[in-house]
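Written out below as structure tokens is the structure these notes cover.
What follows is calculated from the coordinates using simple rules that are stated; it is not laboratory data. Since the model is a prediction, treat every value here as computed from it, not as a measurement. With ideal geometry, Cβ positions are generated from the backbone for all residues, glycine too; neighbour counts draw on all protein chains shown.
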Amino acid sequence: MISRRVAPLCLLVWLAGLAGCGGGPSTSTTPPPSSGTGHLAYVSIPSGNFITGFRIDGGGNFTSIVGSPFPAGDSPGAMLIHPSGQFLYVANRIEDTVSLFKIDTNVGSLTEVLPRAPTGVTPNAMTMSSGGNLLFVLNQLSGSISVYSVNSGSGALTEVTGSPFATAPEAVGFALTPLGDFLYVVDSNLASVFAYSVSSTGVLQAAGVPIPVGLGAFAIAVDPAERFVYVANTAADTLSIFSLDSTSGALTEVTGSPFATGDGPISIAVSTAGQYVYIADQGTNDITGYSIDPTTGFPTVITGSPFSLNSPVVLVTDPNGNFIYALTQRSVFVNEFSLDSSTGVLTVGPESPSVITVPVALAVGK
Amino acid sequence: MTIESAVIRKTFLLLIIILAPGFAVAQNGVAPRWEVFGGYSYLRLDSKSFGFANEANLNGWNAAATFNLKLKWSVTLDLSGQYGSQVRTLNYMIGPQYNWRRDKSKFFVHGLIGKAQDRVDITVGTTTGFQGVGRAFAGGGGYDWYWRPRITFRVVQADYINGNSFGKTQNNIRISTGVVFNFGEIGHHPKL
């Protein structure tokens, strides 16, 4: 009889001790993320004013991040991830601001840091210096470029003296050279590329006269090795290729340029080593891949190209060089192609989980 | 009766309970009716399925109540909770257990099914903390060593736990250790 009464007491004493010692949160030993753990990717959804996040593993498989989608500003569009991987910048096209999000690199979640930085009217493209100290925002309707210095610790933006800098009206895209010395702006209506030199403090100065390109020039990209500049001429269905003088910033059209593409070339992705260029042909529903001669810049269509994809509008290169990611005009998925670095051939890979409504921009971290 | 004497009396009774032979151990063909386990638990959580960069190494507790139907067959109710700085997980499972008893040792294997509840502690907008609940099943076993008739040490228990929360499958590994308290008795003492 005694044992039946005291035994539960003994158990309670034990459980109470257990709860006191081990029941509460303990120190996590979660290791920090490493480069071998895949990378983070975010897409902007302007119709819902949110951003959806994924982690992409080494095999190209997408996993939705807990807490996603993340609320954003009004009509989030262009995005980029700071080279440190700690910050995400998002251009809010209707609100005329840039949002700064802090990235939890372990979880992948986003926390917006307010206030948002004001821009010109309709910020529609962004680029950043390779060191992550300067952020450039192209304001389409105000025809200007806002330049911000970036605080490396907090990611906070401070507009540099003289910003915004005037540029062509209705500019639709721009690209910065890897060393950050020159910025090229493409204007669709004027079918021209405008060149600017960039000072160490982010001050822009026009460099030379506008360079003519094809009709409907829409997208521009710079070779990672600073050898060539590519311009997709959407209305002309061509690709203009220029050799780049990395000292003066001067562009010289290579022999044979412009080169024929599929219908409606609208986006350009350059492989990380610069040997392949991929063009999204919105009209012909495919991606054309070119092997680039490193000396002449002459493009040769890759065997097996074009690679079929319905209405591609955005191409982004995986920073590790293993994949090309694509957004299309109607799909609610991120499409993925694995990239054979020896041949340039693209192979369809897994697609992301649904992001509910059509995304317009994609940023991929290292 | 003074307070001191009451405390001494209760302490004495507790020692009696712990040290007195309540039932013979397995070699005599008997086993406790109830075995109640509590102890430390480590969980390697498949947090990559939530979008984390890595799996999470979590620490916490594990408790179980085992009802012995026979010497070899039991039903176990298993509860556990593990915690980290950004994620915590709870599992509630029940299932059959097979025991193999010899001298002061008991080996067991079990299959469990129940619920997994995972929580990720992040703040998004005005929402703090995201919780996923889904089914869970587990398979595993362990080794117990009888120290006293009413006290057994669970030297080790290892389980594979398959959870399903946040719409994804998690493949988790749990290791536990602790103490088992024995109550009641089943089986028959051998005739002398």
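Between A:97, A:247, A:63, the GNM of chain A built on Cα springs shorter than 10 angstrom shows A:247 fluctuating the most.
Per-residue mean of foreign Cβ neighbours for B:71-82 is 1 (Cβ atoms of other chains, 10 Å radius).
Distances between placed amide hydrogens fall under 5 Å for residue A:49 paired with A:75, all partners being 5 or more residues away or on another chain. In a simple Cβ point-charge model (Lys, Arg +1; Asp, Glu -1; nothing else charged), region B:3-185 has a dipole of about 360 debye relative to its Cα centre. Amide H contacts under 5 Å for residue A:97: A:92, A:119, restricted to partners 5 or more places along the chain or on a different chain, H placed in the peptide plane at 1.01 Å from N.
Inter-label distance, residue B:107 to residue A:201: 7.7 nm, where each label sits 7 Å from its Cα along the C-beta direction.
Separation of region A:230-293 from region A:41-87 is 27 Å, based on Cα centroids. In plain terms, the residue of B:189, A:82 with the fewest other Cβ atoms within 10 Å comes first and the most crowded comes last, giving B:189, A:82. Couplings 3J(HN,Hα) of region A:304-312, computed from phi: x, 7, x, 9, 5, 6, 6, 6, x Hz, in residue order, whole Hz [Karplus 6.51 cos²θ - 1.76 cosθ + 1.60, θ = phi - 60°; x for Gly and Pro].
Counting only other chain Cβ atoms within 10 Å of each residue's Cβ, the peptide B:116-124 averages 4. Karplus-derived 3J(HN,Hα) values for region A:48-57, using 6.51 cos²θ - 1.76 cosθ + 1.60 with θ = phi - 60°, are x, 6, 9, 10, 9, x, 9, 10, 10, 7 Hz; glycine and proline are entered as x.
Taking every C-alpha pair closer than 8 Å and separated by at least 6 residues, the mean separation divided by the residue count of region A:255-321 gives a relative contact order of 33 percent.
Using a Förster distance of 30 Å, how high is the FRET efficiency between residue A:111 and residue A:296, based on the Cβ-Cβ distance and rounded to 0.05? Calculated transfer efficiency: 0.05.
Counted residue by residue at 0.36 nm each, then reduced by the alpha carbon distance between them, the extension gain from residue A:156 to residue A:354 reaches 68.1 nm.
Between residue A:329 and A:313, the built amide H atoms are under 5 Å apart, and every one of these is 5 or more places off in sequence or on another chain. Per residue of B:42-52, other chain Cβ atoms within 10 Å of the residue Cβ number 5 on average. Evaluating 6.51 cos²θ - 1.76 cosθ + 1.60 at θ = phi - 60° for every residue in region B:117-130, the Karplus couplings come out as 10, 10, 10, 10, 8, 9, 10, 10, x, 9, 9, 10, x, 10 Hz, glycine and proline recorded as x. Using C-alpha pairs under 8 Å with a sequence gap of at least 6, the mean separation divided by the residue count of chain A gives a relative contact order of 11 percent. Against chain A, whose longest principal axis comes from its Cα atoms, helix A:2-22 is set at around 30 degrees.
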